[in-house]
Structure formats: structure tokens, C-alpha cells
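What follows is a short report on a single structure.
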């Protein structure tokens, strides 16, 4: 078949109709919309394909989030207005009914859990969301994993790390507060064996400290960060470099050679609605702040996993992990201690699970003169019915920045 150039027309139903300008075919398609402007990241990772071609949005999947707090910090949007969970619901950045099992109230709380939830909702808007703070102690963290599982989570993601107690001269040998048999790793192993996929961030400590703690657990998928914000590049003053779209973030932690970590990398520099931590930049879009760090990359990956799990609810954590690792894009073959196996590609991962997209409507043959008539009618409707719009531009929403996972030292903290 010869190449066809497609022209979009407006229809009163709000559906995009596509007509071939040099052929006699008419088919209807509908583009996915996002609650945040994550187009660059979605295209780079195949999320646009999962949403458009496969019709996936995470429906039927529940994702549990572990971070510092969800709705206790005082936060503001880029216009200086108060930004809360209620305003996030009103603006479409979050769904109602997020199940907050336990929150954390403290002057240092940042509501990073809410920022994480916004990113997940942008990728998988049909997924249900839950939250449990991981702040307090390693025991509280372990309990949060168990509580989210008991409440029905299919996927859990965290961005919390307890700082090492001691870093001796041989940094790869340091002892931290998350030993392999500690409460966090034990909880991860338990829920993994129950069929729960677990995602965590690699950390933002390159080159000083390699990946440590439960991020080295083989039963968790550990995620590093690649920049895919809405600006083509940004200047990282701390490292003295300009980072382009698609480049590994200079702070993304290096894996411990004793384990195949990082597993994969995923986008950061993603938009959120509020000033996370009070120092979030808004580089790419004046309406949003930018969320930097592996703390953004891990939930993005968890949301992609929700789309895969919706398509194949029987997929085990191992199958989900392998699908993401084995189909990741990398400039070099094999494993790299910072890139892992490469940038996640949801469109390739779903194909590796042997799942097929929803059938695209077969184009119907019509006379060429009818095609021309349809185009004319479409243009007329566009002029006369201002309320009809082409569904092609994702909805504009949030953006924010915060470069670092929630790193904690195990000190007495107030009960929440």
C-alpha cells in the first residue's frame, strides 16, 4: 500500500476522525489524554502506545505508595495559591478516594507521597491509589509494606531510604540500617511471594555512595533516572553539567557490583502541581513545578507496570520485572551499573508478555469525492460549533522538582 497522509477533522461526538488525503479510507481513532503534561516521557517509554493502541489506564489495579507524607504539608502552586489534596482533585491531578492508611505530620514533611501519586495518576489514571508513611523507623517501613498489601495493593512503590549508620573506607562494604534480614527486606520478600510487584528508587548519591539497603533486594525492581522533562535541557549546577532530554541524570546512583542493580531507568524532571520541599524549579512549563530524582522515576515505572498488569492480571512480579528489563532501550547491550538494562519501554514490554493491542477499526472504503465532502463538513463544523474540539492535545496540568529520595536516619520521631 502506498504511504497515506492523514488529516484530522472535527466531529460533533468529540471523536477524532481521520481521513486519508490521498486514498479512500476513513477510520476513527482516539488519542489518550494525560492529567499532567508528560508527553515527552510518555513517547520515550511507549506509554502513549499503551494508552492509545491498547486502551490501558490501570483500571482494576491498586498501587500503594510509601513516602514521607501525603496531605499534611503546606504547599503552593506556581501562582502562589494553596495546593492541597482537595485542589488536586478539583483540578484533575488526583482522583478522589485515595486511601491514606497512615500519614506523617511534621514541620519537615513535604507531601512527596502526593507528588508521587500525581505522577502515577498521570500515567495510569484508572488505577486506585493508597498511601502509608514510611517515616519513623525501619520497623514502621516494614509495617507499611504489610499494611498496603493487606489493604489490597497489587503494586507497591517507595522512595524512602534509611541512611547508613557507618561508611568505612571500603564504601561498597558499609553497614546500613536495612540488612538483608531486616524488617524492610523481609516484608518485600513476603509480599513478592504473595504476587505483589515492588518498585524502589536507586537513590541520588552518585558518585559518593552506591545503591544500598532494600534497593539491592532481588525481589524489588530498582529504578534510576533519565531526564525527560518538558524542557529540552536543564543546567545541573551541583554537577556543573547541562543535561539533555534522554540523558542519564548525573546524580542517579551507581549499582553495587555484588547485585545487578540498577535494574532499569525511567523519566524524571516530570511535572507536578506544587512546590515539593519548597525549592522545586519549574523549568519546562511555567504552570508546573518539576519533580527530579529517582523518586520520580520509580513511581513512573510502577505506573507503567500497572498498565501491564491490567492487560495481564495473571502476570507474576518476576514476569513483570523481566518484561521491563529485557525490553529496555540501552545504548550498549547487556547490563550497566548505572543504566541497568536501559530505559523502560512499555510498548515493547507488553509485546514480550504476548499481549496484542485492541483491534484498530478497519478503514472503510469510500469514494474519493466522499472523503473530500467529509473534510469540508469537518471544517464547517469547526467554524460553527466552537464547543467541539479535537481530542489531540493532552490536558495541561502540573509540574514540580525535587532531586532526591526521602533519606532518613533512624532517630525517634513523633508517632503519627
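Every read-out reported here was derived from the displayed coordinates using simple, explicitly stated rules and does not represent laboratory data. Here the structure is a predicted model, which means the values were calculated and not measured. All Cβ positions, even for glycine, are placed from backbone atoms using ideal geometry, and neighbour counts span all protein chains on display.
On a full-extension model of 0.36 nm per residue, what is the gain between residue 287 and residue 150, subtracting their alpha-carbon distance, rounded to one decimal in nm? If you can, show how the numbers build up before the last one.
Working: separation 137, 0.36 × 137 = 49.32 nm, distance 3.78 nm.
Additional length available on full extension: 45.5 nm.
Can you give the FRET efficiency for residue 108 and residue 190, using 1/(1 + (r/R0)^6), R0 = 41 Å, r = Cβ-Cβ distance, to the nearest 0.05?
Values: r = 30 Å, r/R0 = 0.74.
Efficiency for this residue pair is about 0.85.
Fewest first, what order do 83, 52 take by the number of other Cβ atoms within 10 Å?
Working: 83 27, 52 18.
Placing the least packed residue first, the sequence is 52, 83.
Once you order the gyration tensor axes a ≥ b ≥ c over the Cα atoms, which shape class does the range 305-354 get: rounded for a/c under 1.5, otherwise prolate or oblate by comparing a/b with b/c? Spell out each step's value before the answer.
Working: a/c = 2.65, a/b = 2.12, b/c = 1.25.
Prolate shape, in that a/c is at least 1.5 and a/b is the bigger ratio.
Is the C-alpha gyration tensor of the range 226-265 telling us rounded, prolate or oblate? Criteria: a/c under 1.5 is rounded; beyond that, a/b larger than b/c is prolate, otherwise oblate. If you can, show how the numbers build up before the last one.
On the way: a/c = 4.64, a/b = 1.88, b/c = 2.46.
Verdict is oblate for the range 226-265.
Using Cβ contacts closer than 10 Å as the measure, can you line up 214, 132 from fewest to most?
Numbers: 214 31, 132 28.
Lowest count first: 132, 214.
Which of 288, 206, 341 has the fewest other C-beta atoms within 10 Å, and how do the rest follow up to the most? Please list the in-between numbers first.
Working: 288 29, 206 19, 341 22.
Fewest to most other Cβ atoms nearby, the residues stand as 206, 341, 288.
Within the range 293-321, name every residue whose backbone N is under 14 Å away from a label modeled 7 Å from Cα of residue 218 along the Cβ vector.
Under cut-off, by backbone N: 318.
Is the range 101-248 best put as rounded, prolate or oblate by its Cα gyration tensor, with a ≥ b ≥ c the root eigenvalues, rounded for a/c under 1.5, and otherwise prolate when a/b is larger than b/c, oblate when not? Could the numbers behind the result be given before it?
Numbers: a/c = 1.70, a/b = 1.14, b/c = 1.49.
Oblate shape, in that a/c is at least 1.5 and b/c is the bigger or equal ratio.
Please report the antiparallel percentage of DSSP beta bridges with both residues in the range 46-202, rounded to the nearest 5. Each step should come with its number before you reach the end.
Working: 3 of 20 bridges.
Once the DSSP bridges in the range 46-202 are tallied, antiparallel ones form about 15 percent.
Residue separation times 0.36 nm, minus the C-alpha to C-alpha distance between residue 356 and residue 242: what's the value?
On the way: separation 114, 0.36 × 114 = 41.04 nm, distance 3.96 nm.
Separation in residues times 0.36 nm, less the Cα-Cα distance, equals 37.1 nm.
Can you work out the FRET efficiency for the pair residue 233 and residue 81, with r the C-beta to C-beta distance and R0 = 35 Å, to the nearest 0.05? Please report the intermediate quantities before stating the final value.
Values: r = 29 Å, r/R0 = 0.83.
Rounded to the nearest 0.05, the efficiency is 0.75.
Grab the beta carbon distance between residue 96 and residue 33, set R0 = 22 Å, and tell me the FRET efficiency rounded to 0.05. Present the calculation step by step, with values, prior to reporting the outcome.
Numbers: r = 19 Å, r/R0 = 0.85.
Approximately 0.75, to the nearest 0.05.
Subtracting the Cα-Cα distance from 0.36 nm times the residue separation, let me have the gained length for residue 260 to residue 74 in nm, one decimal. Each step should come with its number before you reach the end.
On the way: separation 186, 0.36 × 186 = 66.96 nm, distance 3.91 nm.
So the chain would gain 63.0 nm between residue 260 and residue 74.
Take each of the peptides 185-198, 64-77, average the number of other beta-carbon atoms within 10 Å over its residues, and list them starting from the highest.
64-77, 185-198
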